[in-house]
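So the structure is just underneath, and the comments pick up after that.
Just so you know, all these numbers are worked out from the coordinates, no wet-lab data involved. Not measured: the values here are computed from a predicted model. No Cβ is skipped: glycine too gets one built from the backbone with ideal geometry, and neighbour counts run over all protein chains shown.
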Amino acid sequence: MALWGISTTTETEANNYALPKHLIDTDRNTTPWNCFADERGWIYRRYGTTEQSGLSTTYYDEVLVPVAGLNTAGLYGSTDLGATGLGTATPVAVFFEDPNLNSPLSVSAGSTAGVTTGSTVNVHVVWNEAVYAGAGSTIRVRVFDANGANESTSIIGYAASVGATNYNADLPVFTNSDGEVLVRNFNGQITNRVSFALTAPSTVLTANVPFLVTAVSAGNSVGAGNTIIYVNDVTNVSVGSSVSLSTIVNAPIVSVGDTSVTIGSGSTIASTILIGTAVTFTTRTSASKLYVDLPSGVVGTITDFSGGAAVFKTLAGLSYNVGGGGTTATAGIGTTTITVTA
């Protein structure tokens, strides 16, 4: 069973968070996040609705490999059969829902397409076992400008209830004690992939975002009138860009030459700019970046199927790549950032 990633002591990124090693994300768009452990063994859930989460009411489960007592601490009933179990459910991934609601996730959907102001955004937290997540459980999302600075007011995402909008939904659940049962109107989500909904900010932050750093190619004096500044590079510089160097901070550019830029009157004070002075070009950008607050983790009533124990809720350290879900500092196309634009 080692090939299926069963581990009781080292559920970390290094061992694929105890998820089946056959499902590692070499193709990041076909992710293992719909796979979990329950009493039957390793299960792969295929959703029939676009939510691709615990809010889905239509799905079917494939038993990839049967392992009795996999989601327990190694006990089956009251008898210790020496079975290998995972114990308490562990978070294995967190990511913003693909705005295109695709499965597999669409390439770079979260990191490049982003979402618009005031729209509904969903964060998915994935455990390696099926869990009961009570409605109202929360996750915290931090808000920054396009440079990842100047933090604004945080947003709280709430786990919705699959029963709240589907009053006659009978959810098939395979429990440790009773086998398969139908659960109606559960006030929360029964899944390994819990969806937390929040509303994107109604307005976005504005910041000067650097896109080119170069140097002054010829020294010259600047004054209070139109000033030409000769630089080594004008790639992607245009009217409307801004420039900062020496005592000049975010001066708007009024024209661009082959080897120079011109800033308007009133943008400078009299001074001399030497050859080699560093130059930074920026673009005024209106956008906010949302980051899942990993250290804060998940708050609320969430229990696993084995004895009703509370699951592990900390998300700190998660850095698994999930195609299209955003970006992290430690992973490429990954998990925890999405951009909001007007």
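Taking 0.36 nm per residue of sequence separation and removing the Cα-Cα distance, the residue 150/residue 262 pair yields an extension gain of 37.4 nm. Taking only the C-alpha atoms of the range 122-273, the Rg (one decimal) and the largest Cα-Cα distance, Dmax (whole number), read 27.9, 83 Å.
With a Förster radius of 22 Å, plug the Cβ-Cβ distance of residue 271 and residue 239 into 1/(1 + (r/R0)^6) and report the FRET value to the nearest 0.05.
0.40
Across the range 221-276, C-alpha contacts under 8 Å between residues 6 or more apart give a mean separation that, scaled by the residue count, equals a relative contact order of 45 percent.
The length gained on full extension between residue 206 and residue 62, counted as 0.36 nm times the residue separation minus their Cα-Cα distance, comes to 47.1 nm.
With the gyration tensor restricted to C-alpha atoms of the range 221-276, the semi-axes of the equivalent ellipsoid amount to 16, 13, 10 Å, longest first.
Give a quick list of GluC sites (Glu not before Pro) in the range 110-215 that DSSP marks as loop, anything other than H, G, I, E or B, with at most 15 other Cβ atoms within 10 Å.
On the way: sites: 129, 151, 180; in loops: 151.
Here the GluC sites (Glu not before Pro) that fit, given the DSSP loop and packing criteria, are 151.
When peptides 310-317, 299-306 are ranked by their average number of other Cβ atoms within 10 Å per residue, the highest-first order is 299-306, 310-317.
Where in the range 113-144 does the label zone of residue 49 land, with the point 7 angstrom along Cα→C-beta and an amide N cut-off under 16 Å? 122, 133, 135, by backbone N distance to the label point.
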